[in-house]
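What follows is calculated from the coordinates using simple rules that are stated; it is not laboratory data. Given the structure is predicted, the values throughout are model-derived calculations rather than measurements. Neighbour counts run over all protein chains shown; Cβ positions are idealised from the backbone, glycine included.
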Amino acid sequence: MHANEELISRFYSAFQRRDAAAMASCYHADVTFSDPAFPELRGDRARGMWAMLCERGSDLELEFGDVRADDKSGSAHWEARYTFSATGKKVHNVIEARFEFRDGLIARHTDSFDFRRWAGQALGVPGRLFGGTGFLRRKVQGLGAKALDEYLADHGKPV
């Protein structure tokens, strides 16, 4: 197994345990993370997002596989099952991850998933009706950014 495949596996194994510190240790200091809900998080904000999700995801179940990597880039498939806290609705999110590496760590992590499908599960009827709109995506991103800001402020980390 390539060292970067081991790194990706270590990252998701830590996420399964909800071990945010172990996840953070897989990230480069200048990491960039992006997904449809949290676009372009850098450094401590990216690490903080995972810490927030680990802390709040009390019923999170995670599976990952199809891990592939070489010296420069990698990918993985992962699936998360959890209760979306804002609505109490069950979500099964199917995610494709892409990675870029620098200095033996993850320097860029991009997750992609079907936002409309996710919104339909997490938000119910409004998500099914409006999940394909930029308006709802921006609203979810704004609420996510606000939750992350509050989490970081509460934990004494820079916002």
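Just a few scattered comments:
- Some residue of the stretch 52-60 being touching a His at 6+ places or on another chain (Cβ under 6 Å) and either β-branched (Val, Ile, Thr) or within 29 Å of residue 153 (Cβ to Cβ) (or both): no
- In the stretch 68-101, the qualifying residues are those that are more than 16 Å from the chain's Cα centre (by Cα) and of a type in the set (A, V, I, L, M, F, W, C), and the one that is nearest to residue 28 (Cα to Cα) is 101.
- Residues that are within 16 Å of the chain's Cα centre (by Cα) and basic (Lys, Arg), drawn from the stretch 118-140: 137
- Residues that are hydrophobic (A, V, I, L, M, F, W, C), assigned to a helix (DSSP H, G or I) and over 16 Å from residue 98 (Cβ atoms) within the stretch 1-24 comprise 3, 14, 15, 20, 21, 22, 23, 24, listed in sequence order.
- Scanning the stretch 109-159 for residues that are in contact (Cβ under 8 Å) with a residue 24 or more places away in the chain, under 23 Å from residue 55 (Cα atoms) and of a type in the set (Lys, Arg) yields a single hit, 157.
- Of all the numbered requirements in (1) farther than 23 Å from residue 81 by Cα; (2) in contact with a helix residue (DSSP H, G or I) (Cβ under 9 Å, 6 or more places away or on another chain), residue 156 misses one, and that requirement is (2).
- Beta carbons closer than 6 Å, at least 6 apart along the sequence or on distinct chains, pair a first residue in the stretch 75-98 that is within 25 Å of residue 125 (Cα to Cα) with a second that is basic (Lys, Arg) for 83/90; 92/81.
- For the stretch 80-102, the count of residues that are within 21 Å of residue 19 (Cα to Cα), assigned to a helix (DSSP H, G or I) and not hydroxyl-bearing (Ser, Thr, Tyr) is zero.
- Every residue from the stretch 64-74 that is in a strand (DSSP E or B), in contact (Cβ under 8 Å) with a residue 24 or more places away in the chain and surrounded by fewer than 18 Cβ atoms within 10 Å (Cβ to Cβ): 68, 73
- Condition met for residue 122 (touching a Phe, Trp or Tyr at 6+ places or on another chain (Cβ under 9 Å), of a type in the set (A, V, I, L, M, F, W, C) and part of a helix (DSSP H, G or I)): yes
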